[in-house]
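Step one of this worksheet: look at the structure below.
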Amino acid sequence: MGDEPIPLHRLPVGCCGRVFEMRINDVARRRMLDLGLTFNTEVVALQQSPSGDPTAYFIRGAVIALRSQDASQILITPVKSG
Amino acid sequence: MSSIDSREGALPGGPVMVALAGNPNTGKSTLFNGLTGMKQHTGNWAGKTVAYARGRYRYRGKDYILVDLPGSYSLLASSAEEEVARDFICFGQPHVTVVVTDATCLERNLNLVLQILEITARVVLCVNLIDEAERKGIGLDLPELSRTLGVPVVGTDARKGRGLGQLQEAVRRVAGGELVLKPPILTYSQLVEKAVAMIEPAVQELAPDYLSSRWVSLRMLDGGEKFNRSISKFLNAAPAQSEALAGKVAAASGFLEEKSGKSASDLIVSAIFARAESIAGEVITISPGRADGWDRRLDRIFTSRRLGIPVMLALLGLIFWITITGANYPSELLATALFWVEGHLQALFKAVGAPAWLEGLFVNGVYRTLAWVVSVMLPPMAIFFPLFTFLEDLGYLPRVAFNLDSFFRRAGAHGKQALTMCMGFGCNAAGVIACRIIDSPRERLIAMLTNNFVPCNGRFPLLIVLASIFLGYRGGIFRSLSAAAVILLVVVLGVMITLLVSKILSRTLLKGLPSTFALELPPYRRPQLGRILVRSFIDRTLFVLGRAVIVAAPAGLVIWLMANVKIGAFSALEGSARFLEPFGALLGMDGYIIISFLLGLPANEIVIPLMIMSYLASGSLLDLGSLGQLQALLLDNGWTWLTAICVILFSLNHFPCGTTLLTIYRETRNFGWTAAAFLIPTLTGVLICFIVATTARLLGLP
């Protein structure tokens, strides 16, 4: 896979990426940081909800569901899963 | 400056103040209950502890006051819960802070631990759910963790009471200053350290002794506006001094951003997480094979694209069906027993020569109402609540929120509203309080105003009883199945109305866009059947029944009096019922039913008993007993299936009970919103019942 950063909501289920940049500010950014979404953190897309949004992600040992509109603000670099 | 230890050995004879902090879902409340013997309701989802609870315990001759802080991921952010937790740890100066962490998710939890260790060294780390971790093949080197962090670490399984003794011992030793605590100072990148150095001297002059000036400086750089407001109350600064300090902070943040291109908070949080990651790397070993395989497998069913929602409906329907089928027989048994007692009571009153009115008041008024409440409501509750608690304990409810979130998003509401809605199934007042987990005021109000559209514990017995009497189709298993389906439909209708009203509100009175949110899906936990039975019986069944009995006894008295005091040609009861009859008829019901709903304002539990009482009191005195006889009583009073449907619909959509209204007022401090909470569901109910009744009549159905 390429190294081009993509928004998190585009990460296919089962794939893994690393946080590259967060395009949100203030409270929302803070909240994401507190979940452990800091630079280079590994994120795995686990599963979509029945309607396809939100999606559950595996972040630092916890499963966190994010809505697409929020996930789209987080840029990640896809990682080849080994 | 080692200001943290300034109170070393300064423990007076008074109780030891212990704060209980931790991420949501770490079993904090269970631990709190285990230590204090209190029964705070716990549930496997974020945000159960919305304000803090206090409890006491005694250990080796000393009293400890335990303060259960709201679960939070961090002390740095801005939600109301995090603020409560942070202010208590910073400024409440507890003697010891116990940080509860989830052994299965230690890395993320360490973020909060490290943040707290920056404020105070008097910390005991409690690694809870250690059994779950073992089961998942997660190995934890607790002695190493303790060495790394410089504070005592105790592994516990709060649900089974494992490790609580060791935890109390560690707390005692920290409180008494027996342990020398030396948590290493968390160091940041050179740039951050430089920025801290730019402001720390100024902070040190102003900060009270008990606050670490390093920590205060870091937080000021971090720039939480709310924090700066909190802290200014505690700094002994003249306005000019604060302004000078603010200038320094701005200069230091500017320096950081210019040099690194990143904000101070990004740099600080990243450093804390990097440290957490490296500690986790040292102390956690995960045995090969997916540790969370079971969770993922269950999630693939419960939140699956195709099956998620059908499975959810099937589970709920199954619960209703089991309740309806199972409640019938014990209901009859109870009724027989209680009315056997009634016969003897009457005989007793006669034997001692009590006047007829006294017998009427106490036996026909108070006792009979109570007997009805118990025999009609106890069996369904004793079956329904344990089943629901089972799902709650398993960790299923956050999955419901996950499945339903897209509907809430489209309604302009917050995703956590699905969780507060689930709380409403238990009790709407609790559901309204739970709305505090929603940060945005707009979305919180929407959630509070619509919480009443899910039927609470107090209303389920009415739904179950009426559905099983009137809406069963044919006999045998079809009867209970169709009754269960009706209740399921009612709940689904409630959710749809919730969404519709939320949407209307977010387009009109409470305009705005949904705010950012993250929903944690905690690991499934193996439900403990014994505990579920005990807890759901004591905390819920007996609680609801107790409330019903307490309110129903005087209400039975009032109804009996109303039925026996003549005003003109009619009794007071008959008079009011006749007055309300046209309105009731318009809605497919009758005057007595409307009176029962009105008098049922203190508690929804008593609506059914009040109906029964008013029918019984107004003449057709009938031998009492089981559901079959209840059916006969209602049929005698002109009920049809349409009446039952309208009563069910009105029960779902009418004013919240008194407690819920009071809670809404306390939460909003606003009469207008409280009135809205009263009017919105009532008007909805009037409208729906009117439409249903009119349509049925036009079609000539009943």
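At the nearest 100 Å², what buried accessible area, both sides summed, do you get for A and B when the probe is 1.4 Å? In total, chains A and B hide about 3300 Å² from solvent. In chain B, the longest principal axis of the Cα atoms and the axis of helix B:106-119 are about 60 degrees apart. What shape does the range B:120-163 have by the C-alpha gyration tensor, where a ≥ b ≥ c are the square roots of the eigenvalues, rounded means a/c under 1.5, and otherwise prolate means a/b greater than b/c and oblate the rest? Oblate, since a/c reaches 1.5 and b/c is not below a/b. Have a look at the DSSP beta bridges in the protein assembly as shown and tell me what percent are antiparallel, nearest 5. Antiparallel bridges make up about 65 percent of those DSSP assigns within the protein assembly as shown.
Please grab the % of Cα pairs in the protein assembly as shown that end up more than 44 Å from each other. Tail fraction, whole percent: 34. Protein heavy-atom accessible surface, 1.4 Å probe, per residue over chain A: 41 Å². Legend: residues in the range A:6-35 shielded by at least 10 square angstrom of accessible surface upon adding the remaining protein chains to the isolated chain (1.4 Å probe, heavy atoms) are A:Val27, A:Ala28, A:Arg29, A:Arg30, A:Arg31, A:Met32, A:Leu33, A:Asp34, A:Leu35. For a distance above 20 Å, tell me the whole-number percent of Cα pairs in the range B:118-228 that qualify. When all Cα pairs of the range B:118-228 are counted, 56 percent exceed 20 Å.
Over chain B, DSSP H runs of length four or greater, each weighted -39,500 (n - 2.57), average out per residue to a 222 nm ellipticity of -20000 deg cm²/dmol. Computed from the Cβ-Cβ distance with R0 of 56 Å, the FRET efficiency linking B:Leu358 to B:Glu277 stands at 0.15. For the protein assembly as shown, the share of accessible area belonging to carbon and sulfur comes to 63 percent (1.4 Å probe, ligands and nucleic acids excluded). Among DSSP bridges having both ends in chain B, what percentage is antiparallel? Round to the nearest 5. In chain B, approximately 40 percent of DSSP beta bridges are antiparallel ones. If R0 equals 56 Å, the separation of the Cβ atoms of B:Leu493 and A:Glu42 corresponds to a calculated FRET efficiency of about 0.85. The distance between label points at B:Tyr59 and B:Asn564 comes to 5.8 nm (points 7 Å beyond Cα on the Cα→Cβ vector).
Which whole-angstrom value gives the distance between the alpha carbon centres of the range A:28-82 and the range B:351-393? Taking the Cα centre of the range B:351-393 as reference, the centre of the range A:28-82 is 51 Å away. A simple spin-label model places pseudo-atoms 7 Å from Cα toward Cβ; at B:Arg173 and B:Thr694 they are separated by 7.5 nm. In percent, rounded to a whole number, the relative contact order of chain B is 12, using alpha-carbon pairs under 8 Å and six or more apart. Between B:Lys160 and B:Ile504, the distance separating the two model label sites (each 7 Å from Cα on the Cα→Cβ line) works out to 5.2 nm.
A 1.4 Å probe run over the protein chains yields, for chain B, 39 Å² of accessible area per residue, whole-number rounding. When the trypsin sites (Lys or Arg not before Pro) in the range B:421-495 are filtered for DSSP coil states and for at most 13 other beta-carbon atoms within 10 Å of their beta-carbon, the remaining sites are B:Arg474. Against the compact-protein benchmark of 2.2 N^0.38 Å, the Cα-based radius of gyration of chain B scales to 1.11.
The amide H of B:Ile286, built 1.01 Å from its N in the peptide plane, has B:Gly139 as neighbours under 5 Å, considering only residues 5 or more places off or on other chains.
Which of these, A:Val27, A:Val63, A:Val43, has the largest mean-square fluctuation under a Gaussian network model of chain A (Cα springs below 10 Å)? Highest fluctuation of the listed residues: A:Val27. Solvent exposure of B:Phe384, expressed as accessible area, is near 10 Å², computed with a probe of 1.4 Å over the protein chains only.
Compared with the alpha-carbon gap, the fully stretched path from B:Ala238 to B:Leu542 is longer by 103.8 nm at 0.36 nm per residue.
Using the Cβ-Cβ distance between B:Arg147 and A:Glu4 with R0 = 56 Å, the FRET efficiency computed as 1/(1 + (r/R0)^6) comes to roughly 0.85. What Kirkwood Rh does the range B:290-415 have if only Cα atoms enter the pairwise 1/r average? Answer in Å. Every distinct Cα pair counted, the radius reaches 18.5 Å.
Restriction of the trypsin sites (Lys or Arg not before Pro) in the range B:642-702 to DSSP coil positions whose beta-carbon has at most 11 other beta-carbons within 10 angstrom yields B:Arg669. With contacts taken as Cα pairs under 8 Å and at least 6 residues apart, the range B:190-286 reaches a relative contact order of 34 percent. For chain A, a/c is less than 1.5, where a ≥ b ≥ c are the root eigenvalues of the C-alpha gyration tensor. That puts it in the rounded class.
Within the shell of other residues whose beta carbon sits under 12 angstrom from the beta carbon of B:Asp405, the net charge comes to +3, with Lys and Arg scored +1 and Asp and Glu -1.
The values are calculated or read from the model by the stated rules, or taken from the named source; none is laboratory data. What you are looking at is a predicted structure, and each value in this text was computed from that prediction instead of being measured. With ideal geometry, Cβ positions are generated from the backbone for all residues, glycine too; neighbour counts draw on all protein chains shown. Each accessible area value is taken on the protein alone, full model and side chains, heavy atoms only, with ligands, DNA and RNA left out. Shrake-Rupley method; radii C 1.70, N 1.55, O 1.52, S 1.80 Å.
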